[in-house]
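Please read the structure below before turning to the comments.
Derivation of every value follows stated rules applied to the coordinates shown; laboratory data play no part. Small disclaimer: the values here were computed from a predicted structure and weren't measured. FYI the Cβ positions are ideal-geometry reconstructions off the backbone, even for glycines, and counts take in every protein chain you see.
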Amino acid sequence: MEVNLTDWLGDNSWAIWLSLAFLLGIAEIMSLDLVLIMLAVGALAGAAVALFAPSLWWLQILSATAVSISMLLLLRPTLLAKVRSMPGYRSSADKMVGSSGVAVSQIDKSGGEIKVDGQSWTARPYFSDVVIEQGTEIEVYEIDGVIAVVYPKHGLLP
């Protein structure tokens, strides 16, 4: 007796949901964003409904969607707050402090642009009366919102 894969998947939609949950779980491991894992849990909910009500495809989609949205709105913010309050946690902006880069344009009190680790940032000098010339190696002192506060890495400061 020959089994057609599309017929089997049509009769066993739980396998599709389970595969989707697995793929989303793997993708979450790559991104570590706590979004895809919430969608994977929604897919598991869809698989559970498909196991008990295989012909109610609309209920499978509805439960997967409801669980995913609930997880994203209720659980993810709590998890992110816990992760961010853990000792030793540093955001990517915080990790930039102390990094070296290059002034892409002249940096004065009105601003300028730097490149650090291949990323371009708007910058201003630590001392407002200092002008950092284009091509000068800089170091990031702090991040002020979306602006990097920098000083020349070599040379005297006022």
request  = With everything on Cα atoms, drop me the angle between helix 36-52 and the longest principal axis of the chain, reported from 0 to 90° to the nearest 10.
outcome  = 0
Dipole moment magnitude, nearest 20 debye, the chain about Cα centre, only Lys, Arg, Asp, Glu C-beta charged = 420
ask   = Out of the DSSP beta bridges found with both residues in the chain, what percent are antiparallel (nearest 5)?
value = 80
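What FRET efficiency comes out for the pair residue 11/residue 81, r = Cβ-Cβ distance, R0 = 41 Å, nearest 0.05?
Details: r = 43 Å, r/R0 = 1.05.
In this case the efficiency is close to 0.40.
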task = Output ³J(HN,Hα) for the stretch 107-119: one whole-Hz value per residue in order, computed from phi by the Karplus curve 6.51 cos²θ - 1.76 cosθ + 1.60 with θ = phi - 60°, and x for Gly and Pro.
result = 10, 9, 4, 8, x, x, 9, 10, 10, 10, 6, x, 10
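Helix-derived [θ] at 222 nm for the chain: sum -39500 (n - 2.57) over DSSP H runs of at least 4, divide by residue count, nearest 500? Intermediate values should be presented prior to the final figure.
Numbers: 6 runs with 71 residues, N = 158.
Counting only the DSSP helices, I get -14000 deg cm²/dmol.
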remark   = Distance in nm between residue 27 and residue 141 label points, each 7 Å along Cα→Cβ, equals 4.4
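Using the Cα gyration tensor of the stretch 67-158, with a ≥ b ≥ c the square roots of its eigenvalues, what is the shape: rounded (a/c below 1.5), prolate (a/b larger than b/c) or oblate (neither)?
Since a/c reaches 1.5 and a/b is larger than b/c, the shape of the stretch 67-158 is classed as prolate.
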Long-range HN-HN contacts of residue 99 with modeled amide H, under 5 Å = 140
note = For Kirkwood radius over Cα pairs in Å the list reads (1) 16.2; (2) 19.6; (3) 17.5; the calculated value is entry (2)
The chain, relative contact order in percent, only Cα pairs under 8 angstrom and at least six apart counted = 14
ask   = Which length gain, in nm to one decimal place, applies between residue 109 and residue 58 when the Cα-Cα distance is subtracted from 0.36 nm times their residue separation?
value = 12.4 nm
Max mean-square fluctuation residue, GNM over the chain, Cα-Cα springs under 10 Å, options 75, 56, 18 = 56
